[in-house]
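Notes for the one structure printed next.
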Amino acid sequence: MAVERIQRRLAAILSADVVGYSRLMEIDEAGTLARLKSLRRDIVDPTITAHSGRIVKLMGDGALVEFASAVDAVTCAIEVQKRVREHSAGGPAAKRIEFRIGINVGDIIVDGDDIYGDGVNVAARIQALAEPGGIYMSRGAAEQVRDKVPIKIETRGEQTVKNIARPIEVFCIIADERDAVTVAVPNSGTSVQSPVVPHKPSIAVLAFNNMSGDPEQEYFSDGISEDIITDLSKLPELHVIARNSTFTYKGKSVDVKQVGRELGVRYVLEGSVRKAGNRVRVTGQLIDATSGAHIWADRFDRDLTDIFAVQDELTQEIISALKLKLTPEEKGRLARKSTIDVEAYNLFLRAREQAFLLAKGGNVEARSLLGRAIAISPDYAAAHAFIAFTHVNDYIIGWVDQPERSLQTALEIAERAVAMDEDDPYAHFVFAEVLLWYREHDRALAQEQRCLALAPSSAEGHLGCANIQYYSGDAAGSLDTLNAYMRLDPFYPEVGLYFLAQAQFSLGQYDTAVATLKLRLERNPNSQTSYALLASCYGHLGKLAEAQAAWGELMKIAPDFSMERRRRVLPFRSPEMFEHRLDGMRKAGLPV
């Protein structure tokens, strides 16, 4: 009796899946099916055919496609994601269709028109790890397309996946700057990946060394660095890394090339400040992080009253060294409109340092110092803005007995700060934050957009904008803005992961949100909000034991945690968004 021989061949396998398909069908079954059919007819199927692919099977929410080469599979995937993204950009965020794509090169078993085997299974598992709109692939596929397709490939480390005994090294395809940051990689040891250096000039300003011999003068050297970052952030031609990330190197012996790789920048600015009596010396050197070559260096010895002129000259020297051409409007944006008293500036720098601690004691101290600064310079818009910032933090975090009064005070002072200086980005950022908690979403977004128009590299502005978009109901837009924020602040604080998880949750990306929340809990094991959202994610996924366990951890940390209080406080435009959270908890049988 003849034994039928199993037919095998090597192939590139593409596995695609619709993100949040069940949620989309629940919202609008007929509309989802119509949009998906249209995408397949107009974009997906023709693109597969153009790249010599063969559709093996179509499922309700995905597809399995065979290609003769990894190059064909990857170029097809890139074109599909790009065209789907462009097609869906104008539609409602809640109904937007996005794909995850995984690609593997491996041995397959052929059975008629169908295919099976390890090569197919690995592609499917990799696809499940990909971000919405993203493309992940195996090492075998990465090796075949390297240097053959104009893309950047970044490793996402070895991943342990279901029903595959060995760990799989996964790679992310970065076809344009939008994909430059991967946030929340499941099972990875860190949430920070080496970002892509942008096409435009990019710079990281490290914390200037305090050479004054007095540790208490640290705030002054830090303040000089931060003000240079603020000024450079106003230039749309420049990609400027946020203070939060550049200051992580403070006090360390750094390798400029490593800094460039870790922050995704071409240039690094180092410097020092020596303050003695009424004199100040500031030095700076601009270094090409790719070669280590010095581009520019200078030293400024001035009276302390000339510190603002020193900052302006240093900034102009950097602009000149980078060969940036400024428009008259941009030049005006950098010009300082008024001379601020040096003592008021000193007080402001100390206050800003305290405010950034986001601690109750620091908040109180900052407000006291800012009050003294304003007593000296009453029209100091930045100082007024930071006072409003302390009051809105009192409201949000609940540091005072009458939080509503704090919010009202914040509103009055923020409006005053914007009126004093219409071109101060931080004043618009704080005003937007206050308006959000007043549930004036459209006004808040307009203020945040004004902040970003004045300072395109403002990390705070991007994070604030993402938060407003989320609470306004635009979770997909929030994800895009968070990607931009994380490029500006690669070592973003752990709260950024929570903002990310909220948006993923709202889009029905529960597995991805779980991975993101776990990353946040690694960095902050006492995050009450993360455990609450994690419990809801598990409820929606039908993982009831995990939901109960997450809620149990929350109760250990905060026995009086109240979802009802969060309903009252959180500034959702639509009540249904909060009900979505409660629904997950109810599915798990939690007492909400």
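The values are calculated or read from the model by the stated rules, or taken from the named source; none is laboratory data. Keep in mind the model is a prediction, meaning the values are calculated, not measured. Methodologically, a virtual Cβ is constructed for each residue, glycine included, from the backbone with ideal geometry; neighbour enumeration extends over all protein chains shown. When the accessible area is computed, the model is the full protein with side chains, heavy atoms only, and any ligands, DNA or RNA have been set aside. Shrake-Rupley method; radii C 1.70, N 1.55, O 1.52, S 1.80 Å.
For segment 258-283, how many residues are surrounded by 14 or more Cβ atoms within 10 Å (Cβ to Cβ), without any contact (Cβ under 8 Å) to a residue 40 or more places away in the chain and either on the phi > 0 side of the Ramachandran plot or in contact with a Gly (Cβ under 6 Å, 6 or more places away or on another chain) (or both)?
Matching residues across segment 258-283 total 1.
Considering only segment 298-319, I want to know if a residue exists there that is farther than 19 Å from Glu226 by Cβ, within 31 Å of the chain's Cα centre (by Cα) and open to solvent by 50 Å² or more (accessible area, probe 1.4 Å).
no
Here's the yes/no breakdown for (1) in contact with a Leu (Cβ under 7 Å, 6 or more places away or on another chain); (2) over 20 Å from Leu24 (Cα atoms); (3) at pLDDT 90 or above:
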site: Thr512; (1), (2), (3): no, no, no
site: Lys518; (1), (2), (3): no, yes, yes
site: Arg523; (1), (2), (3): no, yes, no
site: Met555; (1), (2), (3): no, yes, yes
site: Phe572; (1), (2), (3): no, yes, yes
site: Arg586; (1), (2), (3): no, yes, yes
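Here are Met577, Met585: which of them is open to solvent by 20 Å² or more (accessible area, probe 1.4 Å), among the aliphatic types (A, V, I, L, M) and either at negative phi or under 26 Å from the mean Cα position of the chain (by Cα) (or both)?
Met577
Is it fair to say Glu154 is open to solvent by 80 Å² or more (accessible area, probe 1.4 Å), out of contact with any helix residue (DSSP H, G or I) (no Cβ under 8 Å at 6 or more places or on another chain) and at pLDDT below 85?
no
Being at pLDDT 95 or above and in contact with a Leu (Cβ under 7 Å, 6 or more places away or on another chain) is the filter here, so list the residues in segment 348-369 that pass it.
The answer is Leu369, and nothing else.
Looking only at segment 326-337, count every residue that is touching a residue at least 24 places away in the same chain (Cβ under 8 Å) and open to solvent by 70 Å² or more (accessible area, probe 1.4 Å) and tell me the total.
Result for segment 326-337: 2.
When you go through Leu497, Leu479 one by one, which is the residue that is in contact with a Lys or Arg (Cβ under 6 Å, 6 or more places away or on another chain), at pLDDT below 95 and within 24 Å of Ser536 (Cα to Cα)?
Every option except Leu497 fails the conditions.
Before we move on, is Gln449 over 17 Å from Leu500 (Cβ atoms), polar (S, T, N, Q) and open to solvent by 10 Å² or more (accessible area, probe 1.4 Å)?
Here the answer is yes, as Gln449 does meet what is asked.
Give me the pairs: first residue in segment 571-592 and under 28 Å from Glu440 (Cα atoms), second residue open to solvent by 60 Å² or more (accessible area, probe 1.4 Å), beta-carbon distance under 6 Å, and six or more apart or on different chains, which are they?
Pro571/Arg439; Phe578/Arg567; Leu582/Val592
Counting only residues that are part of a loop (DSSP other than H, G, I, E, B), of a type in the set (Val, Ile, Thr) and open to solvent by 40 Å² or more (accessible area, probe 1.4 Å), which one in segment 1-28 is modelled with the lowest pLDDT?
Val3
Of the residues that make up segment 222-232, is at least one outside any strand (DSSP E or B) and surrounded by fewer than 20 Cβ atoms within 10 Å (Cβ to Cβ)?
There is no residue in segment 222-232 that is outside any strand (DSSP E or B) and surrounded by fewer than 20 Cβ atoms within 10 Å (Cβ to Cβ).
Could you list, in sequence order, the residues of segment 525-566 that are surrounded by 15 or more Cβ atoms within 10 Å (Cβ to Cβ) and in a loop (DSSP other than H, G, I, E, B)?
Selection gives Ser527, Lys543, Phe561.
Mind listing whichever residues of segment 39-77 are assigned to a loop (DSSP other than H, G, I, E, B) and under 20 Å from Ile27 (Cβ atoms)?
Within segment 39-77, Gly60, Asp61 meet the criteria.
Collect the residues in segment 485-495 that are free of Cβ contacts under 8 Å to residues at least 60 places away in the same chain and either within 13 Å of Cys465 (Cβ to Cβ) or part of a helix (DSSP H, G or I) (or both), keeping them in residue-number order.
Those that are free of Cβ contacts under 8 Å to residues at least 60 places away in the same chain and either within 13 Å of Cys465 (Cβ to Cβ) or part of a helix (DSSP H, G or I) (or both): Tyr485, Val495.
Taking Val80 as meeting all but one of (1) assigned to a helix (DSSP H, G or I); (2) β-branched (Val, Ile, Thr); (3) surrounded by fewer than 20 Cβ atoms within 10 Å (Cβ to Cβ), write down the number of the exception.
Of (1) assigned to a helix (DSSP H, G or I); (2) β-branched (Val, Ile, Thr); (3) surrounded by fewer than 20 Cβ atoms within 10 Å (Cβ to Cβ), only one is false for Val80: (3).
Any residue that is part of a loop (DSSP other than H, G, I, E, B) and modelled with pLDDT of 75 or more - is there at least one of those in segment 173-194?
No, the conditions are met nowhere in segment 173-194.
Would you confirm whether any residue within segment 233-246 is under 19 Å from His462 (Cβ atoms), part of a loop (DSSP other than H, G, I, E, B) and among the β-branched types (Val, Ile, Thr)?
The answer is yes, given that some residue of segment 233-246 is under 19 Å from His462 (Cβ atoms), part of a loop (DSSP other than H, G, I, E, B) and among the β-branched types (Val, Ile, Thr).
Would you confirm, using the coordinates I've provided, whether Val254 is buried (at least 21 other Cβ atoms within 10 Å of the Cβ) and either out of contact with any Lys or Arg (no Cβ under 8 Å at 6 or more places or on another chain) or over 20 Å from His462 (Cβ atoms) (or both)?
no
Among the listed residues Asp423, Asp480, which satisfies the condition of being assigned to a loop (DSSP other than H, G, I, E, B), in contact (Cβ under 8 Å) with a residue 40 or more places away in the chain and open to solvent by 10 Å² or more (accessible area, probe 1.4 Å)?
Only one candidate qualifies: Asp423.
For segment 129-160, how many residues meet the condition of being β-branched (Val, Ile, Thr) and more than 25 Å from Val84 (Cβ to Cβ)?
2
Could you check how many residues of segment 143-168 are under 11 Å from Asn104 (Cα atoms) and either assigned to a strand (DSSP E or B) or within 26 Å of the chain's Cα centre (by Cα) (or both)?
Final tally of qualifying residues: 1.
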